[in-house]
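The values are calculated or read from the model by the stated rules, or taken from the named source; none is laboratory data. Only a predicted model underlies this, so the values are computations on that prediction, with no experimental measurement involved. As a convention, Cβ positions derive from the backbone with ideal geometry for all residues, glycine included, and neighbour counts pool all protein chains shown.
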Amino acid sequence: MPDSPALLSVQQLKSPETNPGQPFVSVLVIKKLIVKTASNGNPFLSIELGDRGGSFNCTIFNDGAVFETTKAAGEGSVVRIEGRVDHYQGRLSPKILKVEALDESELSAPGLIDNLVELAPEPVESLWADFQATIDAIKHDELRMTVRGVFEEVGDTFRWSPAAVSMHHAYRHGLLEHTMRMARAAKALLPLYPEVDADLAIAGILLHDTGKTIEYEGSLATKRSRRGILQGHVVLGYQLARKHALKARLDADRTERLEHIILSHQGEPEWGAAVYAATPEAVFVSMVDNLDAKMGMVQRALRQANPDDVFSERLAGLNGPLLTAPIPPPAE
């Protein structure tokens, strides 16, 4: 009787030691599922499967039970898949032979969820302590009260939320990590730019993505909520900031400037900004946001790279692959 296929993680599937055609079994989350139509009119599924170590995309055609089982499971489901290793245009794209959705009793198996959920690399407790200290350091009373009010409303959702569906910091605690990385970068850079009001810039950084606590939903796979689709996190964050600025009796000028930071932080209208940055603080926050978003993509690609990799797969936010091979040590 032949041996059962090995149970492999995403990183193991991507390893150069895994041979094309090799059979495997994996337990993964359906992170994305889109029904598309081929040129011949037949439907097919474009799906993203992943665990805490990474993800990959593959196509499932409407020619067997795998299509219906996968479609019925839907986004956010945990599935056990059997397949054979394959690649398309240099990327892992295995042939899926069997899909089975796990039920609630199977999901409670020790360690299963921990193996599926990607976490921010820094402990959430230290991030959160630093975050609270950053709020306390805002000297302007009404501005500090505004920020406190927003986070009292959004509650623990902010601590758990990803910062994106797929682009950057797209994992549990990613929103908290991204916000704190921005705040730390801002504290280092602010002395170079005395024209930027430090309290307003830090408040804008802390609040800039709070709308994502409403825009995103889902525990194992992140998708946009109804309000997220209809309004988007920029508008949702603006609404939160305005509501609590009025409650805190923040003066009209600072309220307008704080709102503008949130409305413009995406940088370009095609990236989701409502307006272009037009104050010193808004320009500063937008640039720091772009810096940390891109470096977050770099850091994640390096964490997930196999030792033998030279380049990562194409990163959409960088418009190409990333060189992940380490810099060689200096010659002696």
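Selection over the range 98-129 of residues that are within 23 Å of the chain's Cα centre (by Cα) and either exposed (fewer than 11 other Cβ atoms within 10 Å of the Cβ) or among the hydroxyl-bearing types (Ser, Thr, Tyr) (or both) gives a count of 4.
Residue-by-condition table, conditions (1) touching a Gly at 6+ places or on another chain (Cβ under 9 Å); (2) on the phi < 0 side of the Ramachandran plot:
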residue	(1), (2)
Gly267	no, no
Gly272	yes, no
Ser286	yes, yes
Asp289	yes, yes
Gly296	yes, yes
Gln299	no, yes
Ser312	no, yes
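Taking each residue of the range 70-99 that is in contact (Cβ under 8 Å) with a residue 60 or more places away in the chain and looking for partners that are surrounded by fewer than 17 Cβ atoms within 10 Å (Cβ to Cβ) and assigned to a helix (DSSP H, G or I) with beta-carbon atoms closer than 7 Å, six or more apart or interchain, yields Val78/Leu107. With the structure loaded, tell me whether Ser286 is hydroxyl-bearing (Ser, Thr, Tyr), within 20 Å of the chain's Cα centre (by Cα) and not assigned by TED's automatic domain parsing to the domain that holds Arg181 or whether it fails that test. Spelling it out, it is not the case that Ser286 is hydroxyl-bearing (Ser, Thr, Tyr), within 20 Å of the chain's Cα centre (by Cα) and not assigned by TED's automatic domain parsing to the domain that holds Arg181. Within this structure, Ala241 passes the test of being of a type in the set (Gly, Ala, Ser) and under 24 Å from the mean Cα position of the chain (by Cα). Of all residues assigned to the range 135-145, at least one qualifies as being within 20 Å of Ala185 (Cβ to Cβ) and among the β-branched types (Val, Ile, Thr).
Identify all residues within the range 289-318 that are polar (S, T, N, Q) and either closer than 27 Å to Ala203 by Cβ or under 17 Å from the mean Cα position of the chain (by Cα) (or both); write none if there are none. If the condition is that a residue be polar (S, T, N, Q) and either closer than 27 Å to Ala203 by Cβ or under 17 Å from the mean Cα position of the chain (by Cα) (or both), then Asn290, Gln299, Gln304 are the ones that fit.
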